[in-house]
Amino acid sequence: MRLVLLGAPGAGKGTQAKKLIEKYGIPQISTGDILRKAVADGTPLGKEAKSYMDSGGLVPDSVVIGLVKERIAQDDCKKGYILDGFPRTTPQAEALDAVLAEMNSPLDTALSVDVDPEILMKRLTGRRTCKGCQQMYNLHFNPPRKEGVCDKCGGELFQRDDDKEDTIKNRLEVYEKSTAPLIDYYGKKNILKSVEGMGSVDDIFNKVCSILEA
Ligand code: AMP
């Protein structure tokens, strides 16, 4: 299964992707995760990406396209993969199509995860991640038992730099302008499906699976 998850920041793409990995045994390719790791490791890529990420803007297409090309050519992607946070612009989607055409392995589905804007804001401002095990929490919807501490491993919880309110506004605007047009792009290719991304994680996941298996 070669799947693209579309949806605004905070729509829950990463959460659903993690459950899909378990069920289907295919990797998640999150350009946001790859870039955050590069920033944390202080690599040249990370140094280039950091200022764009901190402001809530997009890292240049050429950079992320190169990353994804390299990643999908790896062995563990032979059975398929879940692209999460890529493509985010029309040139990225076109570049992806071109690479996949060369590999003779087009996308099967682009699944749009749809969430109301007020809920997106709460999900993003409330999001906290464990420094130790990466478990995610939300102060509004799924708080840890003890403030600032991970239920699972006792690690310290932190807020992503780009989850601060000003940056979030910019990320949502960037989404509307640059990424939302991809819904039409994949609609025209007849591979677009959509799911309402509100309710419990498990309910959404059940809907996602029925859509993918229909
Ligand atoms: P995410 O975790 O997907 O919300 O991504 C966090 C940040 O990484 C974004 O706000 C962008 O600055 C950058 N980023 C992630 N994926 C892409 C992409 N496909 N194109 C450009 N920038 C990206």
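The values are calculated or read from the model by the stated rules, or taken from the named source; none is laboratory data. If you're wondering where the values come from, they're calculated on a predicted model, not measured in any experiment. Cβ placement follows ideal geometry from the backbone for every residue including glycine, while neighbour counts extend to all protein chains displayed. Note: accessible area is taken over every heavy atom of the protein model, side chains too, but ligands, DNA and RNA are not part of it. Shrake-Rupley method; radii C 1.70, N 1.55, O 1.52, S 1.80 Å.
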Using only Cα atoms, tell me the angle between helix 117-126 and the longest principal axis of the chain; keep it within 0 to 90° and round to the nearest 10.
60 degrees
I need to check one value: relative contact order of the chain, counting alpha carbon pairs closer than 8 Å and at least 6 residues apart, in percent.
29 percent
Mind checking the angle between helix 90-102 and the chain's longest principal axis? C-alpha axes, 0 to 90 degrees, to the nearest 10.
50 degrees
Cβ charges +1 (Lys, Arg) and -1 (Asp, Glu), total dipole of region 124-188, debye
240 debye
Taking Lys50 as the anchor, which lysines have their alpha carbon closer than 16 Å to its alpha carbon, excluding any fewer than eight residues away along the same chain?
Lys37, Lys164
Leaving ligands, DNA and RNA out of it, report the carbon-plus-sulfur percent of the accessible area of region 173-214 at a 1.4 Å probe.
50 percent
Amide N proximity, region 4-46 versus Ala180 label position 7 Å along Cα-to-Cβ, cut-off under 13 Å
7-9
Full-extension gain between Lys122 and Glu48, please, as 0.36 nm times their residue separation minus the C-alpha to C-alpha distance.
23.7 nm
For Ile191, tell me the accessible area in Å² from a 1.4 Å probe, rounded to the nearest 10.
30 Å²
Residues of region 86-111 with amide N under 16 Å of the 7 Å Cα→Cβ point at Lys193:
107-111
The chain: radius of gyration over Cα atoms, expressed as a fraction of 2.2 N^0.38 Å
0.99
Electrostatic dipole magnitude of region 1-92 [Cβ: Lys, Arg +1; Asp, Glu -1; Cα centre; debye, to 20]:
260 debye
Among Val174, Ser194, Tyr137, the residue whose Cα sits farthest towards the positive end of the charge dipole of the chain, when +1 is placed on the Cβ of each Lys and Arg and -1 on the Cβ of each Asp and Glu, is Tyr137
Keeping all protein chains in place, calculate the accessible area per residue for region 9-96 (probe 1.4 angstrom), answer in Å².
46 Å²
Using a Förster distance of 35 angstrom, determine the FRET efficiency expected from the C-beta separation of Ser210 and Glu102, and round it to 0.05.
0.60
Could you tell me how far the Cα centroid of region 163-214 sits from the Cα centroid of region 96-114, in Å?
16 Å
Counting only helical runs of four or more DSSP H residues, what would the 222 nm mean residue ellipticity of the chain come to if each run contributes -39,500 (n - 2.57) and the total is spread over all its residues?
-14500 deg cm²/dmol
Given H placed 1.01 Å from N in the peptide plane, which residues other than close sequence neighbours of Thr109 have an amide H under 5 Å from its amide H?
Arg2, Val4
Would you work out if region 56-137 is rounded, prolate or oblate? Take a ≥ b ≥ c from the square roots of the eigenvalues of the alpha-carbon gyration tensor; rounded if a/c is under 1.5, else prolate when a/b is larger than b/c, oblate otherwise.
prolate
For the residue pair Asp114 and Arg160, what label-to-label distance in nm results when each label sits 7 Å from Cα along the Cα-to-beta-carbon direction?
2.4 nm
Computed Kirkwood radius, in angstrom, where 1/r is averaged over Cα pairs of region 27-87
12.0 Å
Using θ = phi - 60° and the Karplus relation 6.51 cos²θ - 1.76 cosθ + 1.60, list the HN-Hα couplings for region 54-61 in order, rounded to whole Hz, with x at every Gly or Pro.
4, 8, x, x, 9, 5, x, 3
Return the inverse of the average 1/r over all pairs of distinct C-alpha atoms in region 127-214, which is the Kirkwood hydrodynamic radius, in Å to one decimal.
15.8 Å
